[in-house]
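Report on the following structure.
Computed from the coordinates by the stated procedures, all read-outs in this text should not be read as laboratory data. No experiment lies behind these values; they were computed from the predicted model shown. All Cβ positions, glycine included, derive from the backbone under ideal geometry; neighbour counts span all protein chains shown.
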Amino acid sequence: MGVIKRQGIKQSLVNFIGVAIGALSTLTIYANEKEAYGLARFLLGTSLFFAPFISLGFTSVAIRFFPEFKENSERYRGFLGLLLLTVAFGATIFLGLSWLFRDALLEMYRDKSPLFQQFLPYLVPLSILTAFFQIFYNYCINFQRITVPAIFQNGIKLSLPVLLLLFTGGYLSLVGVANGIVLNFVIVVLGMAGYLYGLGEWHWRLDWSFMSRERWGRVWNYAAYGLAGSVGSILAIRIDEIMIPTLIDFRSNGIYAIAAFIGNTIMIPGNALIHLASPVIAQAIKDDNLTEVARIYRRVSTNLTLVGLFFFIGIIASVTDLFALMPKSHDLTEAFAVVLFIGLARIVDMITSVNNQIINYSPYYRFGMFAILLMGGINIAFNLWLIPRFGIIGAALATLASLSIYNLIKLLFIYYRYRIQPFSRQTLYLLGWAAVVYGLSTAYPSQGRALLDLVLRSVLITVLYLPVVLYFRISEDFSELAEQTWARVKSFLFPRR
């Protein structure tokens, strides 16, 4: 547990630094080069979509079947070789199909921006490199080594702003930016391979005799589910990065990506709560302790709602001031609505609590895969309908609608199977008080200076929101945490003699 704890803390630190760099870059560099940023998001998002097909779903196999290959074998029977061979096979098929349908694909985008025809070929190496990186990343998890892989994973958050700064300064063309993105992934893939070699875990000679027909069947069956789940997640969460450039243009994709980043920050503090609750839920379901599952379901919902609403009203009340601080802020006229709808989608996700975890750790885990695939299909349909009518606001509306339907389906399924649901009176209290605080914050008179208004309005919301929810103990967990923190502060400031 000591290694897991240390690696977890280090990974959290790396991810926090990555988020901070991403936030700073989004609010400054990316806002100044919206078309270039939109192109980069299209390349990265589309390569993520193709990667599961190239790996043939073996990204999930890398963790699930490692214990079988590890048992009584110091070199794990060449399990890494099986993974790399599968990705190489998938990459070969992908290369062949790309070459075979190249002219047809380019013809599809003939009437679009010339950037499409120029940069579509970059998707081939990017997708293949992404597939190899994902295999290496998951394989490293088996050795409880996640800090260095997390650094490589966040590499694009450091390299992309540098590339766009060079583009702004005239040192790089858009082609140079695309080449730099590919080079970034070449470096991280080679770096991951070198890291595994340095750990002494580079064992790739596969023991073919170990691969019985029964084991092959189980591996491919699990890979198929993994492929479906991965594709469903991308269709549900990242399809807008692919569809906005296709239906509108790269510049609009850049604006949308900036606004979506701001809206999605609402979820960041809640991720830690979900991760902490996950093993407890898994154990409670294993023990068939539905009382404990129901208690966690509601408790986490209350905590996530408290945190989510606090950040949501803070962001919505101050986002126009934030936009005013960005370069070329006149381009962001539609961005407020995007932040609003993306933020609402995240609030829906947080209020409905850990329904993903309950389903995935239950005997009905296959339903989760079908649900995410259904959400992906719904999201595509809504995007095709709403983007031509409302532009990037339509993409945000599609996310809100599809995520709401997805969570409603999961809520109804869990209630049907277990007769439990996450809502309580605390949910209503938090929603009501958040509405009051937001209304009061909008009544605050502007000082005419964006930075000052942003700071003062944020302080006002904090002073109004947090003391009330803590005083009335709407969340026992947060009230206890506040009391413990205050006790430590007092003991530090006024130590007993």
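Tell me what the chain gives for mean residue ellipticity at 222 nm when only DSSP H runs of n ≥ 4 count, each as -39,500 (n - 2.57), the sum divided by the residue total, rounded to 500 deg cm²/dmol. Intermediate values should be presented prior to the final figure.
Working: 23 runs with 395 residues, N = 497.
Value at 222 nm, helices only: -26500 deg cm²/dmol.
How much length is gained if the chain between residue 118 and residue 143 is pulled fully straight, taking 0.36 nm per residue apart and subtracting their Cα-Cα distance, in nm to one decimal?
Values: separation 25, 0.36 × 25 = 9.00 nm, distance 4.11 nm.
Contour length minus the Cα-Cα distance gives 4.9 nm.
Report the semi-axes of the equivalent ellipsoid for the chain in whole Å, largest first, where each axis is √(5λ) for an eigenvalue λ of the Cα gyration tensor.
On the way: eigenvalues 270, 198, 107 Å².
Working through the eigenvalues yields semi-axes of 37, 31, 23 Å.
Along its principal axes, what span do the Cα atoms of the range 290-425 show, with the longest given first and each in whole Å?
Result, largest extent first: 53, 32, 21 Å.
Could you please state, rounded to a whole Å, how far the C-alpha centre of the range 39-86 is from the C-alpha centre of the range 421-479?
The range 39-86 and the range 421-479 have Cα centres spaced 44 Å from each other.
Take each of the peptides 370-382, 348-360, average the number of other beta-carbon atoms within 10 Å over its residues, and list them starting from the highest. Write down the numbers at each step before the final one.
Working: 370-382: 18.8, 348-360: 22.5.
Per-residue mean Cβ counts within 10 Å order the peptides as 348-360, 370-382.
I need to check one value: relative contact order of the chain, counting alpha carbon pairs closer than 8 Å and at least 6 residues apart, in percent. Provide the component values of the computation, followed by the final result.
Numbers: 620 pairs, mean separation 96.0, N = 497.
Result for the chain is 19 percent.
Quick one: if the Förster radius is 25 Å, what FRET efficiency do residue 165 and residue 110 give, using the C-beta to C-beta distance and rounding to 0.05?
Working: r = 33 Å, r/R0 = 1.31.
Step by step, r from the Cβ atoms, then E = 0.15.
Determine Rg/Rh for the range 197-301; Rg is computed over alpha-carbon atoms and Rh is the Kirkwood hydrodynamic estimate from the same atoms.
Values: Rg = 21.2 Å, Rh = 18.8 Å.
With Rh from the inverse mean 1/r over Cα pairs, Rg/Rh is 1.13.
How high is the relative contact order of the range 310-446? Use alpha-carbon pairs under 8 Å, at least six apart in sequence, and give a whole percent.
Values: 103 pairs, mean separation 43.7, N = 137.
It rounds to 32 percent for the range 310-446.
List, in the order given, every pair from 157/490; 70/410; 157/328 whose Cα-Cα distance in the structure shown is over 31 Å.
Values: 157/490 39 Å; 70/410 36 Å; 157/328 22 Å.
Pairs exceeding the cut-off: 157/490; 70/410.
Along its principal axes, what span do the Cα atoms of the range 330-396 show, with the longest given first and each in whole Å?
Projected onto the principal axes, the Cα atoms of the range 330-396 cover 51, 24, 13 Å.
How far apart, in nm, are two points set 7 Å out from the Cα along the Cα-to-Cβ line at residue 436 and at residue 95?
Reported label-point gap for residue 436 and residue 95 is 6.5 nm.
Arranged from highest to lowest average of other beta-carbon atoms within 10 Å per residue, in what order do the peptides 98-104, 455-461 appear?
Working: 98-104: 11.1, 455-461: 17.0.
Answer by packing, highest mean first, reads 455-461, 98-104.
What shape does the range 38-167 have by the C-alpha gyration tensor, where a ≥ b ≥ c are the square roots of the eigenvalues, rounded means a/c under 1.5, and otherwise prolate means a/b greater than b/c and oblate the rest? It would help to have the intermediate numbers written out before the result.
Values: a/c = 3.74, a/b = 1.61, b/c = 2.32.
Cα axes put the range 38-167 in the oblate bin.
So if each residue of separation counts as 0.36 nm, and I subtract the Cα-Cα distance between residue 381 and residue 472, what length gain in nm does that give? List each step's numbers first, then the result.
Values: separation 91, 0.36 × 91 = 32.76 nm, distance 4.36 nm.
Extra length available between residue 381 and residue 472 comes to 28.4 nm.
When you have a sec, figure out the Kirkwood radius of the range 425-497 from all distinct Cα pair distances and drop it here in Å to one decimal?
Values: mean 1/r = 0.0695 Å⁻¹.
When all Cα pairs of the range 425-497 are included, the Kirkwood radius is 14.4 Å.
Want the number for residue 290 to residue 494: 0.36 nm per residue separation, take away the alpha-carbon distance, what's left?
Numbers: separation 204, 0.36 × 204 = 73.44 nm, distance 4.51 nm.
My answer for the length gained is 68.9 nm.
How big is the range 358-414 by Rg and Dmax over its Cα atoms, in Å?
13.1, 42
Neighbour counts of other C-beta atoms within 10 Å: give me 490, 70, 157 arranged from fewest to most. Show your work: numbers first, answer last.
Values: 490 10, 70 14, 157 19.
If I rank by nearby Cβ atoms, fewest first, I get 490, 70, 157.
Sticking with the crude label model, points 7 Å out along Cα→Cβ, report the distance from residue 446 to residue 328 in nm, one decimal please.
2.3
Tally Lys and Arg at +1 and Asp and Glu at -1 over the other residues with C-beta under 13 Å from the C-beta of residue 204: what net charge comes out?
Charge balance near residue 204 sits at +1.
Shape call for the range 1-237 from the C-alpha gyration tensor, a ≥ b ≥ c root eigenvalues: rounded (a/c under 1.5), prolate (a/b greater than b/c) or oblate?
Numbers: a/c = 2.31, a/b = 1.38, b/c = 1.67.
Here the range 1-237 falls in the oblate category.
How long are the semi-axes of the ellipsoid equivalent to the range 245-486, from square roots of 5 times the Cα gyration tensor eigenvalues, in whole Å, largest first?
For the range 245-486, the semi-axes come out at 32, 26, 13 Å.
Tell me, what is the FRET efficiency for residue 211 and residue 190 to the nearest 0.05, using R0 = 35 angstrom and their Cβ-Cβ distance as r? Numbers along the way, then the final one.
Working: r = 28 Å, r/R0 = 0.80.
After rounding to 0.05, the efficiency reads 0.80.
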